[in-house]
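**Q** The structure follows.
The values are calculated or read from the model by the stated rules, or taken from the named source; none is laboratory data. If you're wondering where the values come from, they're calculated on a predicted model, not measured in any experiment. When we count neighbours, we look across all protein chains shown, and the Cβ atoms used for this are built from the backbone with ideal geometry, even at glycine.
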Amino acid sequence: MASIPEKISEFLQPITEQFDAYTVDVVMRGERTSKVIEIYVDSDRGITLDECSTISRSLSEKLDEADLVPGRYRLDVSSPGLDRPLKLPRQYKKNIGRTCKVKYLADGLKLVQEGRLDLVSEEKITISRSGKHFEIPFSDITETLIIPKI
């Protein structure tokens, strides 16, 4: 049986597709009487506040019709922002050329590499720093954050 976040993701797919967008993450937190549902959406060109508002209204209607979330809840729809880790290969492609910090596992070791995101393939990313290139398979990555320019 699918979890509530999984079902919410299913409801979201046709809604986000209208904006050529995609769901990055669905997070539920809070108590039974005071739930918060955080939805993170993005697109290859970025997502606007108006698009987030429209997605929120459409999703809220679907959730209420399906009575998927019992009781009261607050629905927050936004872009992931720079403070959220990258989760999908599509997000990596959007950030080629930017500086990132990648945490990953290799040979049982926890490693961190910081550099410019140069290439993204189906299996791995390539980052560079000081003329050196580091290939990191997606399967080894535990977290990737974009480092904003100062």
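**Q** For residue 48, work out the one condition from (1) closer than 23 Å to residue 95 by Cα; (2) under 15 Å from the mean Cα position of the chain (by Cα) it doesn't fulfil.
**A** Among (1) closer than 23 Å to residue 95 by Cα; (2) under 15 Å from the mean Cα position of the chain (by Cα), the lone unmet condition for residue 48 is (2).
**Q** What number of residues in the range 108-150 are part of a loop (DSSP other than H, G, I, E, B) and farther than 18 Å from residue 84 by Cβ? I'd like the intermediate steps shown before the answer.
**A** The initial filter retains those residues of the range 108-150 that are part of a loop (DSSP other than H, G, I, E, B), namely 108, 121-123, 130-131, 147-150.
With farther than 18 Å from residue 84 by Cβ added as a condition, the list becomes 108, 121-123, 130-131, 150.
Of the residues in the range 108-150, 7 are part of a loop (DSSP other than H, G, I, E, B) and farther than 18 Å from residue 84 by Cβ.
**Q** When you check residue 101 against the structure, is it assigned to a strand (DSSP E or B), surrounded by fewer than 18 Cβ atoms within 10 Å (Cβ to Cβ), at pLDDT 95 or above and of a type in the set (Lys, Arg), yes or no?
**A** Numbers: assigned to a strand (DSSP E or B): yes; surrounded by fewer than 18 Cβ atoms within 10 Å (Cβ to Cβ): yes; at pLDDT 95 or above: yes; of a type in the set (Lys, Arg): yes.
In short, yes.
**Q** Outside the structural domain of residue 101 (by TED's automatic domain parsing) and more than 30 Å from residue 124 (Cβ to Cβ) - does that describe any residue in the range 80-88?
**A** no
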